[in-house]
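See structure below.
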Amino acid sequence: MESLSYNIGGLHIRFSGSRSLSWLQQSDAFSPFYIKETTPCNHHIYLDELGLTAQAAIDTASSFIPIHTFTLQDGTPCRWGKTGNSYLFEMDTPEQAMRIRMEDGHNAYATEFHSPFHLTFGIWMVFNYFTATMQQVCIHSSCISLHGKSILFLGESGSGKSTQSRLWQQCFPETELLNDDGPVLSAVDGRYHAFGSPWSGKIACYKQMHAPVTAFVKVVQAQENRISPLPVAAAVATLLAAFPPALCREQKYSELYLDLISGLLRQATVYRLECRPDEAAALLCHRTIFETT
């Protein structure tokens, strides 16, 4: 069976399969992370595995314990839960249910996917499953790099994260957009860095680069521009809200994420930015962050 290897956020993952692997090879989002790896890989995603659909259906009916249900932006119903000693993620399209079984923290087995969109999201779920025990996470944010440091804008969709990244690029031409939706947080020599990833939302920004994290900024739309550091409890809640919601709903993973957040807060400050979508907000934010770090 043909296989390909990728390095995403410092994690090496090998993919095997046929049709889905072909989609992966053609993906602009994944191509910057391709590596020519010949050594054994500890993390493997087996795509288009024959026979899994029937087996997963049996397990789902008999022992599935749901943890989280949600709907993708295209309307696809999803559910995440446990079956025996494994985790199961399902995407239920009109054509056929797609399932991924995740085992032992290192291997995942998937049925055939029906589109590159579902394949990309399925890999995102597996990636977070692999990394949760390794003090790594794909965080929902828009991330920029400036002065050799990374700043991550947090908030709900539509809150203005991408706008703030764009304003920084306008005000400070050396600013580089690292990722606009799902950068990866991972430790490098004991310090957390933000890494580019294949998950960048509506803006195609797929970069194999990283920079140490210096600040998180929760963006809140307001009539006036104000910024202040968040108290510890509020900072923890803000960061946890940006972590993968499906995994956060299980105690095992939420505790691991809280440990990760503890490490982040020793390194970076979490701010609340109440702002208008103007350059004055970017100037205020820049001045606050780089005069205090």
Requested in this report: May I ask you to list the trypsin sites (Lys or Arg not before Pro) in segment 181-221 that are in a DSSP loop and have at most 15 other Cβ atoms within 10 Å of their Cβ?
Outcome: 202
Query - Solvent-accessible surface ranking, highest first, for 205, 41 at 1.4 angstrom - result: 41, 205
Report task. With Rg/Rh (Cα atoms, Kirkwood Rh) defined as stated, name the option among (i) 0.98; (ii) 1.05; (iii) 0.92 computed from the structure displayed. Result -> (i)
**Report entry** Which of 180, 28, 92, 189 is most accessible, then next, and so on - probe 1.4 Å
**Finding:** 189, 28, 92, 180
Report summary line: For the chain, longest principal axis from Cα atoms; helix 232-241 axis from its Cα atoms; angle between them, nearest 10 degrees, is 40 degrees
Query raised in the report: Using 7 Å Cα-to-Cβ label points, what is the residue 133/residue 224 separation (nm, one decimal)?
Result: 5.1 nm
Report summary line: With every protein chain kept in place and a 1.4 Å probe, the residues 178, 258, 240 fall, from largest accessible area down, as 258, 240, 178
Query raised in the report: What's the FRET efficiency of residue 174 with residue 35 using the Cβ-Cβ distance as r and R₀ = 41 Å, to the nearest 0.05?
Result: 0.90
Query - At 1.002 mPa s and 20 °C, Stokes diffusion of segment 186-289 via Kirkwood alpha-carbon radius, µm² per second - result: 140 µm²/s
Query raised in the report: Just the accessible area per residue of segment 164-218, please: how many Å² with a 1.4 Å probe?
Result: 40 Å²
Query raised in the report: So if R0 is 22 Å, what FRET efficiency would residue 237 and residue 70 give, r being the distance between their Cβ atoms, rounded to the nearest 0.05?
Result: 0.65
Query raised in the report: Quick one: helix 251-265 against the long Cα principal axis of the chain, what's the angle to the nearest 10°, folded into 0 to 90?
Result: 30 degrees
Report task. Quote the accessible area belonging to residue 48 in square angstrom, nearest 10, computed with a 1.4 Å probe and with ligands, DNA and RNA left uncounted. Result -> 20 Å²
Requested in this report: Calculate the length of the line joining the C-alpha centroid of segment 215-232 to that of segment 107-145, in whole Å.
Outcome: 29 Å
**Report entry** Accessible-area composition of the chain, carbon plus sulfur, in percent [1.4 Å probe]
**Finding:** 51 percent
Query raised in the report: How far is helix 116-131 tilted off the main Cα axis of the chain, in degrees rounded to 10, range 0 to 90?
Result: 80 degrees
Query - Proximal charge balance of residue 238 [Cβ under 10 Å; K/R count +1, D/E count -1] - result: +2
Query raised in the report: residue 266 to residue 93: extension gain in nm, 0.36 nm per residue of separation minus the Cα-Cα distance?
Result: 58.0 nm
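The values are calculated or read from the model by the stated rules, or taken from the named source; none is laboratory data. Since we're looking at a predicted model, the values are computed, not measured. Positions of Cβ are backbone-derived with ideal geometry, glycine not excepted, and every protein chain shown enters the neighbour counts. Side chains are part of the model used for accessible areas, which takes the heavy atoms of the whole protein and leaves out ligands, DNA and RNA. Shrake-Rupley method; radii C 1.70, N 1.55, O 1.52, S 1.80 Å.
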